[in-house]
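Q: Submitted below is the structure of interest, expressed as structure tokens.
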Amino acid sequence: MGKIAGFYDSGIGGLPYLKWIREHSSGLTFRYLAESRYFPFGTKDEAAIREIVLDSIGRFIDRVSPDIIVIACNTASVTALELLRRTYDIPFVGVVPAVKPAAMISRRKSIGLFATNKTVSQMYTQKLISDFASDCIVEKFAMPEIVSFVENNIFTASKDEIIEKITPAAEFFRKSNVDTVILGCTHFVYLEEMFREVLGPDISVIDSREGVGRHAISLLSALPERNTDDLSDAFYVTSVAAMPENYKAISSNFGLAFGGEI
């Protein structure tokens, strides 16, 4: 008996979300699908993203029968979440930039949004700002190339290499006089500790892990337990051929057995 929590992202960005939920819950089985075939999403148009996500999630559901799925990607959530909810009869939890909590904690009502070009430019992001941070100045900075850096190098890069990558963003936010920065891409969560160090103690850094995690746990708590044949936590990819060499090591570091291709 048990419940299965599924996670999906274009790569490894959603793993910190899985880790947060695992640390704040019990009795769950975790299954993760990395979209290795079509990584990254930021270079694709919305129609293509919807088609990719719908197809991959369909295969994921057929393979692991999750009770819920966390779409641990800002771009996929904004682009395909409503379509997924109309298509598949299980709960989905999306990930969007943590604009609301950032606005609540900002002392000077001056916020920075660090994300990809697509997230920064999406109308959905502007609506979040209008709905929850209309009394704030929101400075936006996009660095889509960091997504690939995190995906391929975050566990092997030196501290100096990471600092070099994030310094342009940190300098922009310091000059903009913000007091809170939102990590608006799941891949950027891997940079949180180093980003805090570079920004300094006067600037808070926030992401959506806690909000997403609490919502997912709440949904799961309302679902009945069911018979499951396999309670092992697992990491899957959409293409073994397109899989970076470090995926097996990363999945192991997060306590997930490598399950191969879906």
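The values are calculated or read from the model by the stated rules, or taken from the named source; none is laboratory data. What you see is a predicted model; the values in this text were computed from it and never measured. Note that we place each Cβ from the backbone using ideal geometry, even for glycine, and neighbour counts take in every protein chain shown. Calculation scope for accessible area: heavy atoms of the full protein, side chains included, ligands and nucleic acids excluded. Shrake-Rupley method; radii C 1.70, N 1.55, O 1.52, S 1.80 Å.
Q: Inspect segment 215-223 for any residue being over 16 Å from the mean Cα position of the chain (by Cα), open to solvent by 90 Å² or more (accessible area, probe 1.4 Å), farther than 15 Å from residue 113 by Cα and modelled with pLDDT under 95 and give the result as yes or no.
A: no
Q: Same structure again: Residues that are aromatic (Phe, Trp, Tyr), part of a strand (DSSP E or B), open to solvent by 30 Å² or more (accessible area, probe 1.4 Å) and touching a residue at least 12 places away in the same chain (Cβ under 8 Å): does segment 190-213 have at least one?
A: For segment 190-213, residues aromatic (Phe, Trp, Tyr), part of a strand (DSSP E or B), open to solvent by 30 Å² or more (accessible area, probe 1.4 Å) and touching a residue at least 12 places away in the same chain (Cβ under 8 Å): absent.
Q: Any idea which residue in segment 28-52 is most open to solvent (accessible area, probe 1.4 Å), counting only those that are among the acidic types (Asp, Glu) and touching a residue at least 12 places away in the same chain (Cβ under 8 Å)?
A: Taking the candidates together, the pick is 46.
Q: For residue 252, work out the one condition from (1) hydroxyl-bearing (Ser, Thr, Tyr); (2) modelled with pLDDT of 95 or more; (3) not in a strand (DSSP E or B) it doesn't fulfil.
A: Status for residue 252: all satisfied but (2).
Q: Just to be sure, is residue 92 in contact (Cβ under 8 Å) with a residue 24 or more places away in the chain, open to solvent by less than 20 Å² (accessible area, probe 1.4 Å) and either among the aromatic types (Phe, Trp, Tyr) or at positive phi (or both)?
A: On the way: in contact (Cβ under 8 Å) with a residue 24 or more places away in the chain: yes; open to solvent by less than 20 Å² (accessible area, probe 1.4 Å): yes; either among the aromatic types (Phe, Trp, Tyr) or at positive phi (or both): yes.
Here the answer is yes, as residue 92 does meet what is asked.
Q: Moving on. Looking only at segment 225-237, count how many residues are modelled with pLDDT of 85 or more and not in a strand (DSSP E or B).
A: 2
Q: Out of the residues in segment 152-193 that are among the small types (Gly, Ala, Ser) and under 25 Å from residue 122 (Cα atoms), state the one that is nearest to the chain's Cα centre (by Cα).
A: Ranking the qualifying residues of segment 152-193, first place goes to 184.
Q: Let me ask something else. Output the number of residues of segment 11-25 satisfying the condition of being open to solvent by 10 Å² or more (accessible area, probe 1.4 Å) and over 19 Å from residue 65 (Cα atoms).
A: Residues that pass the stated criteria total 6.
Q: Working only within segment 53-73, note down all residues that are open to solvent by less than 30 Å² (accessible area, probe 1.4 Å) and free of Cβ contacts under 8 Å to residues at least 40 places away in the same chain.
A: Listed by number, the list holds a single entry, 58.
Q: Related question: I need the full set of residues from segment 130-161 which are outside any strand (DSSP E or B), of a type in the set (A, V, I, L, M) and either open to solvent by 40 Å² or more (accessible area, probe 1.4 Å) or farther than 22 Å from residue 118 by Cβ (or both), in order please.
A: If the condition is that a residue be outside any strand (DSSP E or B), of a type in the set (A, V, I, L, M) and either open to solvent by 40 Å² or more (accessible area, probe 1.4 Å) or farther than 22 Å from residue 118 by Cβ (or both), then 157 is the only one that fits.
Q: Which of the following residues is under 16 Å from residue 4 (Cα atoms), over 17 Å from the mean Cα position of the chain (by Cα) and among the aromatic types (Phe, Trp, Tyr): 60, 30, 92?
A: Just one listed residue meets the conditions, 60.
Q: Listed residues 254, 235; which is in contact (Cβ under 8 Å) with a residue 24 or more places away in the chain, buried (at least 22 other Cβ atoms within 10 Å of the Cβ) and closer than 16 Å to residue 5 by Cα?
A: Numbers: 254 fails: buried (at least 22 other Cβ atoms within 10 Å of the Cβ).
Of the residues listed, the single one that is in contact (Cβ under 8 Å) with a residue 24 or more places away in the chain, buried (at least 22 other Cβ atoms within 10 Å of the Cβ) and closer than 16 Å to residue 5 by Cα is 235.
Q: Continuing with this model, one more query. Every residue in segment 100-129 that is among the polar types (S, T, N, Q), touching a helix residue (DSSP H, G or I) at 6+ places or on another chain (Cβ under 9 Å) and either within 17 Å of residue 176 (Cβ to Cβ) or open to solvent by less than 30 Å² (accessible area, probe 1.4 Å) (or both), please.
A: Looking only at segment 100-129, we keep the residues that are among the polar types (S, T, N, Q), and these are 106, 110, 116-117, 119, 121-122, 125-126.
Still in the running and touching a helix residue (DSSP H, G or I) at 6+ places or on another chain (Cβ under 9 Å): 116-117, 119, 122, 125.
Once the filter is applied, which keeps residues that are among the polar types (S, T, N, Q), touching a helix residue (DSSP H, G or I) at 6+ places or on another chain (Cβ under 9 Å) and either within 17 Å of residue 176 (Cβ to Cβ) or open to solvent by less than 30 Å² (accessible area, probe 1.4 Å) (or both), segment 100-129 yields 116, 119, 122, 125.
Q: Right, something else. Can you tell me which residues in segment 162-189 are under 21 Å from residue 109 (Cα atoms), in a helix (DSSP H, G or I) and open to solvent by 10 Å² or more (accessible area, probe 1.4 Å)?
A: 171, 172, 174, 175
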